[in-house]
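These notes concern the structure reproduced below.
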């Protein structure tokens, strides 16, 4: 059936349907990606401005008080063994992720992978505040983390039944998108983001959980921290490191 052979009533129905569908489609595929990109750019701009301000303040202070700069350099030399000096960005990031994972445990944010799943279920889930797990570990490697939302909800609920106050299932592929499912005391939130076509980045799962812990340590709510951690992972993938 072509447009020319349709009755006036059918044409009117098709036109009304198109007008009804156009705004949500425009929001989903136009406005929301633009807003997410704009939020990421603003957050990165704030970070860069803060770093620039610190550098300028350090230079000004060094000119005004060389002795204080000498003391700061001495303190830095003493702390140098504690810095993360990997042979490349990936190795340094992995070392940082490992360190932040220890910090995460200190604030009862537990990081797990498939190799430690059984021990965590027995010893840690009953006392932890947040359980962070990759979708591919939760759903099995065969599905490559691909699942429908009911399966994610059921898996998160099963984990929370073990005693965790909240569960964050990260990195599930869903209809060409990437979703993180947050189940916080039964209140579920789906965090949806665009899928980034990029080479695999080693240590990114640990870095995601570490970013979550860092934002929680800065006083953000669990939902805010989960959103920020998802944006961080997307930025790392876009940069390829």
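Looking at 166, 207, 156, just one residue is within 14 Å of the chain's Cα centre (by Cα) and in contact (Cβ under 8 Å) with a residue 12 or more places away in the chain, and that residue is 207.
In the stretch 5-22, the count of residues that are in contact with a helix residue (DSSP H, G or I) (Cβ under 7 Å, 6 or more places away or on another chain), part of a helix (DSSP H, G or I) and at pLDDT below 80 is zero. Being assigned to a strand (DSSP E or B), modelled with pLDDT under 85, closer than 12 Å to residue 226 by Cβ and within 16 Å of the chain's Cα centre (by Cα) holds for only one residue in 193, 189, and it is 193.
For the structure I just gave you, tell me whether residue 226 is within 11 Å of the chain's Cα centre (by Cα), assigned to a helix (DSSP H, G or I) and buried (at least 21 other Cβ atoms within 10 Å of the Cβ).
Taking the combined requirement at face value, the residue satisfies it.
Looking at residue 51, is it within 30 Å of residue 193 (Cα to Cα), assigned to a helix (DSSP H, G or I) and modelled with pLDDT of 85 or more? Against the criterion (within 30 Å of residue 193 (Cα to Cα), assigned to a helix (DSSP H, G or I) and modelled with pLDDT of 85 or more), residue 51 does not qualify.
For residue 156, the criteria (1) within 21 Å of residue 211 (Cα to Cα); (2) surrounded by fewer than 19 Cβ atoms within 10 Å (Cβ to Cβ); (3) modelled with pLDDT of 80 or more hold in every case but one, which is (2).
The values are calculated or read from the model by the stated rules, or taken from the named source; none is laboratory data. Quick caveat, the model's predicted, so the values are computed rather than measured. Backbone-built Cβ (ideal geometry, glycine too); neighbour counts: all protein chains shown.
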